[in-house]
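*Asks:* Have a look at this one before I ask anything.
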Amino acid sequence: MDLDFGPEDAAFRAEVRDWLRAHVPAEPLPSLETEEGFAAHREWEKALGGARLGVVSWPREYGGRGASLLQWLVFEEEYYAAGAPGRVSQNGINLLAPTLLEHGTSEQLTRILPPMAAGEVIWAQAWSEPGAGSDLASLRATATRADGGWLLDGQKTWSSRAAFADRGFGLFRSDPESERHRGLTYLMFPLDAEGVTVRPIGRLDGKPAFAELFLDKVFVPDADVIGAPGDGWRVAMSTAGNERGLTLRSPGRFTAATERLVGLWKERADPSDTAMRDRVADAWIRSRAYRLKGFETISRSDDIGSESSLNKIYWSELDVALHETALDLLGADGELESEWLENYVFSLAGPIYAGTNEIQRNVIAERLLGLPRGAR
Amino acid sequence: MRFVLSAEQKLFAETLRKLLADAGTAAAARAWAAGDRAPGRRLWASVAETGLFALAVAEEHGGAGPLPVEVVTAVEELGRSAAPGPYVETLAAAELLGRTGGSLAGTWLPRIAEGEAVVSLAVPYALDADAADLVLDGEGREAAVTGDVRTSLDPARRLFAVEGGGDPTDFGVLLCAAQQLGIGQALLEVSVDYARTRRQFGRAIGEYQALKHHLANVMVELEFARPLLRGAALAYGTPEFTRDVSAAKVAASEASYLAAKTALQVHGAIGYTDEYDPSLWIRKARALYSAWGSPAEHRARVMRAL
């Protein structure tokens, strides 16, 4: 058992650090949840992709460099430590791509992944519907067989990045006789296609971080079905597993934010305020725990499965606590526009999306602890 | 990097777990609390046969250590079993004498390695000093006990004041954290078992989300305390050891205490009784929460290191 980085890992870290030092914008980009900021973040993704740093763990042929998971964690640590821009490509590279790599055809991989890696096509997720949130299997948007493909109808909501993204992906009921998780199909579709109406939704601070999608006979060719028609639930769950695991929030984000929090504490804190000191200590301890847990996860040979629910609760609650602590340290300045505030607002969504933390606790209790499934 | 236990390390922990599971540790803890040390002594002897104590003693004194990862993993199992006696103190004393050296080390370390010496260590109270062959103060000097046994919330913890007192050693703090993690794990398991079988309103109480979520919270805290513990063990001998040990102690204290409070709530009135065995772990969890330095002290140590 060890926590040692090899010489190749160290060399990789140095390369990433040097590139970021030379390229990370001196001034933070405008919020990626605004039209102007989205465009700026898109350009940044192109620069990252050009250096083959957008998706380091992907195979080379799709724009990655075949890096190990440990090197991916190293990349993430350096990325956030450098204060580099948020990843506008996140839905595509962290949610869709792992699903494609597991279930996609070689034609899909070759067609879809390189432009995603290059930052040329930005993806939005389209899971939830007005009547299907935590209970995703109750979704009602439909895919109807058409010549050479499918016609999509219905409504999706809380679709993050959809206000400005290029394409979306989600589940649709393709068998009208089916119920729950049966008869669903995983499809990808252009957000500028005929029949798609995108209505941006302001998040808590008013920025259009997500959108409602109205779909009216939107044609999708067979080539944009992932996996077999009707098998969408199983295909999507592999994405959900990734989302709850490490990929959605790598430890690097918290390690870096905690370093900044400690800096803020040194600069701002009243030394006699031991309650504040304890909160900063807890943020540091928990960031370290999450980092070490990440190293444990990538060291394992088995699939972590439902254990990803442990991660999701841990990072999302850490993220909120860490940023609340920062705002409290800022005192009267806490409510003023700042990177801390932007990240605080961002953190508040964490316990809700990708399966609320209450759903995660049910998963832990039933699948990991073996408690009986109760009435829903 | 490979941040998981090796096959040998896992096997050692499993061997110890099985030995302790079959050894009637709860009864031994009750006997120990009542002043009957025989069952606890027999348990000590069988634990010693696994070679545990040698893992904290350097080769020059007849040991095979110190091997912090192996010791931490073993002490987690001891915590899970609620075995009575100064295991943590003896192992911590071995590490301390290994650093202070001198004639005490020369005399006692080979005996500790063989599992023949029971040692207590003042932090500031000396656990089970009346059952120990040697009592040390915090500096690793032989020390005299001053006064009678002090009554702990955990009656299996017989505490004594010692001349000179002493502050906890980092290695000892790490082992206390390991013990706490094992206690928390045992409490989670017994609570889950109870929630699956206890029925109210016509169904197992474990079907209720209110209980499920409490128990899930305990699992989250335990699962994230463990990497801190193992990471700290790997930091032994580095400048970060103190900081990492304190982080592990805070996490293990909070996780095991949450496990204890949750166990009490899940069990209801039966959990509040002395005669029902979870009380052994519940009381120990609270006692160790502030032993070997309180969480507040360890948070302060983390922040001093930053």
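The values are calculated or read from the model by the stated rules, or taken from the named source; none is laboratory data. Just so it is clear, the model here is predicted, and its values are computed rather than measured. Quick reminder, even Gly has a Cβ in these numbers, built from the backbone with ideal geometry, and neighbours come from all protein chains shown. Just the protein is used for accessible areas: all its heavy atoms, side chains included, with ligands, DNA and RNA removed. Shrake-Rupley method; radii C 1.70, N 1.55, O 1.52, S 1.80 Å.
*Asks:* Which residues, counting only those in the range A:329-375, are over 27 Å from B:HIS214 (Cα atoms) and within 14 Å of another protein chain (Cβ to nearest Cβ)?
*Replies:* Result: A:LEU329, single match.
*Asks:* Give me the residue from the range B:193-224 that is at the interface with chain A (Cβ under 9 Å from one of its Cβ atoms) and polar (S, T, N, Q) and, out of that set, nearest to the chain's Cα centre (by Cα).
*Replies:* Checked the range B:193-224; the qualifying residue nearest to the chain's Cα centre (by Cα) is B:ASN217.
*Asks:* May I pose another question? Given (1) surrounded by fewer than 19 Cβ atoms within 10 Å (Cβ to Cβ); (2) at negative phi, identify the lone condition not met by B:GLY35.
*Replies:* Single failed check for B:GLY35: (2).
*Asks:* It is to be established whether one or more residues within the range B:274-293 are at pLDDT 95 or above, open to solvent by 20 Å² or more (accessible area, probe 1.4 Å), more than 22 Å from B:PRO86 (Cα to Cα) and not in a loop (DSSP other than H, G, I, E, B).
*Replies:* No: zero hits.
*Asks:* Still on this structure, please answer the following. Is there a residue in the range B:249-261 that is outside any helix (DSSP H, G or I) and either outside the structural domain of B:VAL71 (by TED's automatic domain parsing) or farther than 30 Å from B:VAL69 by Cβ (or both)?
*Replies:* Keep residues of the range B:249-261 that are outside any helix (DSSP H, G or I), which gives none.
No, every residue in the range B:249-261 fails to be outside any helix (DSSP H, G or I) and either outside the structural domain of B:VAL71 (by TED's automatic domain parsing) or farther than 30 Å from B:VAL69 by Cβ (or both).
*Asks:* Tell me yes or no: at least one residue of the range B:230-238 is surrounded by fewer than 19 Cβ atoms within 10 Å (Cβ to Cβ) and outside any helix (DSSP H, G or I).
*Replies:* At the first step, the residues of the range B:230-238 found to be surrounded by fewer than 19 Cβ atoms within 10 Å (Cβ to Cβ) are B:237-238.
Filter once more, so that each one left must be outside any helix (DSSP H, G or I): B:237-238.
So far as the range B:230-238 goes, yes, one or more of its residues are surrounded by fewer than 19 Cβ atoms within 10 Å (Cβ to Cβ) and outside any helix (DSSP H, G or I).
*Asks:* Does the range A:231-242 contain at least one residue that is at pLDDT below 95, crowded, with 22+ Cβ neighbours inside 10 Å and in a helix (DSSP H, G or I)?
*Replies:* yes
*Asks:* All but one of (1) surrounded by 18 or more Cβ atoms within 10 Å (Cβ to Cβ); (2) acidic (Asp, Glu); (3) free of Cβ contacts under 8 Å to residues at least 60 places away in the same chain hold for A:GLU76; which doesn't?
*Replies:* Every condition holds for A:GLU76 apart from (3).
*Asks:* A further question follows. For residues in the range A:5-14 being more than 25 Å from the chain's Cα centre (by Cα) and open to solvent by 40 Å² or more (accessible area, probe 1.4 Å), which is nearest to A:GLY202 (Cα to Cα)?
*Replies:* Result: A:ALA14.
*Asks:* Taking the range A:200-219, which residues are within 17 Å of A:LEU32 (Cα to Cα) and in a strand (DSSP E or B)?
*Replies:* Those that are within 17 Å of A:LEU32 (Cα to Cα) and in a strand (DSSP E or B): A:PRO200, A:ILE201, A:PHE210, A:ALA211.
*Asks:* Are any residues in the range A:294-320 open to solvent by 10 Å² or more (accessible area, probe 1.4 Å), in contact (Cβ under 8 Å) with a residue 24 or more places away in the chain and either in a helix (DSSP H, G or I) or at the interface with another protein chain (Cβ under 8 Å from one of its Cβ atoms) (or both), and if so, which ones?
*Replies:* A:THR297, A:ILE298, A:GLY305, A:SER306, A:GLU307, A:TYR314, A:GLU317, A:VAL320
*Asks:* OK, next. Quick one: is A:VAL88 in a loop (DSSP other than H, G, I, E, B) and either in contact (Cβ under 8 Å) with a residue 24 or more places away in the chain or assigned by TED's automatic domain parsing to the domain that holds A:PHE254 (or both)?
*Replies:* yes
*Asks:* Something else: So, B:THR50, is that one more than 26 Å from B:LEU153 (Cα to Cα) and open to solvent by 50 Å² or more (accessible area, probe 1.4 Å) or not?
*Replies:* It is false that B:THR50 is more than 26 Å from B:LEU153 (Cα to Cα) and open to solvent by 50 Å² or more (accessible area, probe 1.4 Å).
*Asks:* Could you please find all residues in the range A:185-227 being of a type in the set (D, E, K, R) and free of Cβ contacts under 8 Å to residues at least 40 places away in the same chain?
*Replies:* Once the filter is applied, which keeps residues that are of a type in the set (D, E, K, R) and free of Cβ contacts under 8 Å to residues at least 40 places away in the same chain, the range A:185-227 yields A:ASP192, A:GLU194, A:ARG199.
*Asks:* Among the residues that make up the range A:269-286, is at least one of them more than 27 Å from B:SER294 (Cβ to Cβ) and in contact (Cβ under 8 Å) with a residue 12 or more places away in the chain?
*Replies:* Checking the range A:269-286: not a single residue is more than 27 Å from B:SER294 (Cβ to Cβ) and in contact (Cβ under 8 Å) with a residue 12 or more places away in the chain.
*Asks:* On the given criteria, is B:ARG196 in contact (Cβ under 8 Å) with a residue 40 or more places away in the chain, of a type in the set (D, E, K, R) and part of a helix (DSSP H, G or I)?
*Replies:* Here the answer is no, as B:ARG196 does not meet what is asked.
*Asks:* Scanning the range A:43-53 for residues that are crowded, with 17+ Cβ neighbours inside 10 Å and in contact with a Gly (Cβ under 6 Å, 6 or more places away or on another chain), which turns out farthest from A:VAL16 (Cα to Cα)?
*Replies:* Out of the qualifying residues, it is A:GLU45.
*Asks:* Please go through the range A:322-337 and pick out each residue that is surrounded by fewer than 15 Cβ atoms within 10 Å (Cβ to Cβ) and either free of Cβ contacts under 8 Å to residues at least 24 places away in the same chain or under 21 Å from the mean Cα position of the chain (by Cα) (or both).
*Replies:* Across the range A:322-337, the qualifying residues are A:ALA332, A:ASP333, A:GLU335, A:LEU336, A:GLU337.
*Asks:* Scan the range B:241-256 and give yes if some residue there is without any contact (Cβ under 8 Å) to a residue 60 or more places away in the chain, open to solvent by 10 Å² or more (accessible area, probe 1.4 Å), at the interface with chain A (Cβ under 10 Å from one of its Cβ atoms) and closer than 18 Å to B:LEU175 by Cα, otherwise no. Spell out the reasoning first.
*Replies:* We begin by selecting, within the range B:241-256, every residue without any contact (Cβ under 8 Å) to a residue 60 or more places away in the chain; these are B:244, B:247, B:250, B:254.
Filter again for open to solvent by 10 Å² or more (accessible area, probe 1.4 Å), leaving B:254.
If we keep only those that are at the interface with chain A (Cβ under 10 Å from one of its Cβ atoms) as well, we get B:254.
Pick out the ones that are also closer than 18 Å to B:LEU175 by Cα and you get B:254.
Looking through the range B:241-256, at least one residue is without any contact (Cβ under 8 Å) to a residue 60 or more places away in the chain, open to solvent by 10 Å² or more (accessible area, probe 1.4 Å), at the interface with chain A (Cβ under 10 Å from one of its Cβ atoms) and closer than 18 Å to B:LEU175 by Cα.
*Asks:* Go over the candidates A:LEU32, A:LEU100, A:LEU53 one by one and state the one that is away from chain B (no Cβ under 14 Å) and in a helix (DSSP H, G or I).
*Replies:* Going through A:LEU32, A:LEU100, A:LEU53 in turn, the sole match is A:LEU100.
*Asks:* Does A:ALA281 satisfy being within 11 Å of chain B (Cβ to nearest Cβ), in a helix (DSSP H, G or I), over 22 Å from B:LEU228 (Cα atoms) and modelled with pLDDT of 95 or more? Break it down into steps so the answer makes sense when it comes.
*Replies:* Working: within 11 Å of chain B (Cβ to nearest Cβ): yes; in a helix (DSSP H, G or I): yes; over 22 Å from B:LEU228 (Cα atoms): no; modelled with pLDDT of 95 or more: yes.
Judged against the criteria, A:ALA281 is not a match.
*Asks:* From the list A:ALA137, A:ALA117, A:ALA146, A:ALA163, pick out the single residue that is at negative phi and touching a strand residue (DSSP E or B) at 6+ places or on another chain (Cβ under 6 Å).
*Replies:* A:ALA163
*Asks:* Oh, and also: What is the one condition in (1) more than 19 Å from A:ALA132 (Cβ to Cβ); (2) open to solvent by 30 Å² or more (accessible area, probe 1.4 Å); (3) assigned to a loop (DSSP other than H, G, I, E, B); (4) not hydrophobic (A, V, I, L, M, F, W, C) that A:TYR353 does not satisfy?
*Replies:* With (1) more than 19 Å from A:ALA132 (Cβ to Cβ); (2) open to solvent by 30 Å² or more (accessible area, probe 1.4 Å); (3) assigned to a loop (DSSP other than H, G, I, E, B); (4) not hydrophobic (A, V, I, L, M, F, W, C) applied to A:TYR353, the lone miss is (1).
*Asks:* Would you tally the residues in the range B:151-170 being farther than 23 Å from B:GLU297 by Cα, modelled with pLDDT of 95 or more and not hydrophobic (A, V, I, L, M, F, W, C)?
*Replies:* Of the residues in the range B:151-170, 2 are farther than 23 Å from B:GLU297 by Cα, modelled with pLDDT of 95 or more and not hydrophobic (A, V, I, L, M, F, W, C).
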